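Note sheet for the following structure.
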Amino acid sequence: MSKILAGTGRGVYCLEEGAGRQTLQSRGVRDLFENGGRLFAGTGAGVHRSDDGGETWQGPSLAEFEVWQVRGHGDVLYATTQPAALFRSEDNGASWNELPALAKASESAGWCIPLEPPMPGRARALVVDTRDANHLWVGVEVGGVMESHDGGETWDLVLPGENPDL
């Protein structure tokens, strides 16, 4: 039996054997990520998690943030948000702690979306090296690509950004 999960602006939908049903009602599902049999949904209202293939959901955690991506390996997960920040979980998503170095990087002063009034920049893209979970890249909208070799404790700008569609 095939099952497809789709994240949408209104939540998560499950398509199975020609029928569809909503399994999570949440605004702006931006990301679905599977880790060790657990699913994570990054949404406009935090991170939701499912232990049963997306049939039921718990959470949200990080409810005060728009979560753009969740990535990781084993028990260590990372989540990117708007405003641009990085959070880490060391217990497969049960709890989260901010890694303040990204938001405090010297480049962060210019991270904003050029609207009137300006909006805080978004950490929209997250890559975790599959060979080294401490090697991270975060793409910040209008900020460029930041790289960390120590699990998010320090950051270097590796690709400057002026394109709001990063």
Residue count for the stretch 13-49, restricted to those that are within 29 Å of GLU141 (Cα to Cα) and touching a residue at least 24 places away in the same chain (Cβ under 8 Å): 17
Members of the stretch 73-95 found to be crowded, with 20+ Cβ neighbours inside 10 Å and under 20 Å from GLU153 (Cβ atoms), listed by number: LEU77, TYR78, ALA79, THR80, THR81, ALA84, ALA85, LEU86, PHE87, SER89
Qualifying position, being in the same structural domain as PRO160 (by the TED database) and of a type in the set (A, V, I, L, M), among VAL70, VAL29, VAL12: VAL70
Close pairs (9 angstrom Cβ cut-off, 6 or more residues apart or separate chains): within 15 Å of LEU126 (Cβ to Cβ) and assigned to a loop (DSSP other than H, G, I, E, B) in the stretch 139-166, of a type in the set (Lys, Arg) and at pLDDT 95 or above anywhere: GLY151/ARG88; GLY152/ARG88
Single residue of the stretch 139-160 satisfying the filter (farther than 20 Å from PRO114 by Cβ and in contact with a Ser or Thr (Cβ under 9 Å, 6 or more places away or on another chain)) that is surrounded by the fewest Cβ atoms within 10 Å (Cβ to Cβ): ASP156
Only listed residue being surrounded by 18 or more Cβ atoms within 10 Å (Cβ to Cβ), at pLDDT 85 or above and over 16 Å from the mean Cα position of the chain (by Cα), chosen from ALA105, ALA123: ALA105
Residues being more than 11 Å from the chain's Cα centre (by Cα) and surrounded by 15 or more Cβ atoms within 10 Å (Cβ to Cβ) - total across the stretch 54-72: 5
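The values are calculated or read from the model by the stated rules, or taken from the named source; none is laboratory data. Remember, predicted model here, so these are calculated numbers, not experimental data. Backbone-built Cβ (ideal geometry, glycine too); neighbour counts: all protein chains shown.
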